[in-house]
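The structure appears right after this line, and notes come after that.
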Amino acid sequence: MNTEVPIWEKSTLTIEEAAKYSNIGENRLRIYASDVNCPFVLRIGNKMLIKRRLFEKYIDEHLMM
């Protein structure tokens with residue numbers, strides 16, 4: 001039985017998942033996510049998770065001009 005949730009249904013993504021989902025490189029995502037004021041990052045200790053819906057909104061507003 002496959003219990004893995006598809007990326008497009010997850011509320012948060014790892015940097016690796018977000019890179020695959022958006023076709024933006026992991027290094028570039030880490031640069032964006034390292035900004036303290038980044039709206040789409042959830043920090044839990046040293047771990048950074050990407051809030052998928054806010055990430056999609058950010059891409060629509062800032063990166064796809």
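Rule-based calculations on the coordinates, nothing more; no lab input. Since the structure is predicted, the reported quantities are computational estimates derived from the model, not experimental observations. Backbone-built Cβ (ideal geometry, glycine too); neighbour counts: all protein chains shown.
Charges on Cβ only, +1 for Lys and Arg, -1 for Asp and Glu, centred on the Cα centroid of the chain; of Trp8, Pro39, Gly25, which one is farthest towards the dipole's positive end?
It is Pro39.
If contacts are Cα pairs under 8 angstrom and at least 6 residues apart, what is the relative contact order of the chain in percent?
In percent, rounded to a whole number, it is 31.
Once R0 is set to 35 Å, what does the formula 1/(1 + (r/R0)^6) return for the Cβ-Cβ distance between Asp35 and Trp8, expressed as a FRET efficiency to the nearest 0.05?
So, using R0 = 35 Å, E works out to roughly 0.90.
Could you work out the helix-only [θ] at 222 nm for the chain, with each DSSP H run of four or more residues adding -39,500 (n - 2.57) and the total divided by the number of residues, to the nearest 500 deg cm²/dmol?
Value at 222 nm, helices only: -10000 deg cm²/dmol.
Can you give the Rg to Rh ratio of the chain, both from alpha-carbon atoms, with Rh computed by the Kirkwood formula?
0.97
So for the pair Leu42, Glu17, with labels modelled 7 Å out along Cα→Cβ, what separation do we get in nm?
0.9 nm
Quote the charge dipole size of the chain about the Cα centre in Debye, to the nearest 20; the model charges only the Cβ of Lys and Arg (+1) and of Asp and Glu (-1).
Here the chain has a charge dipole of around 180 debye.
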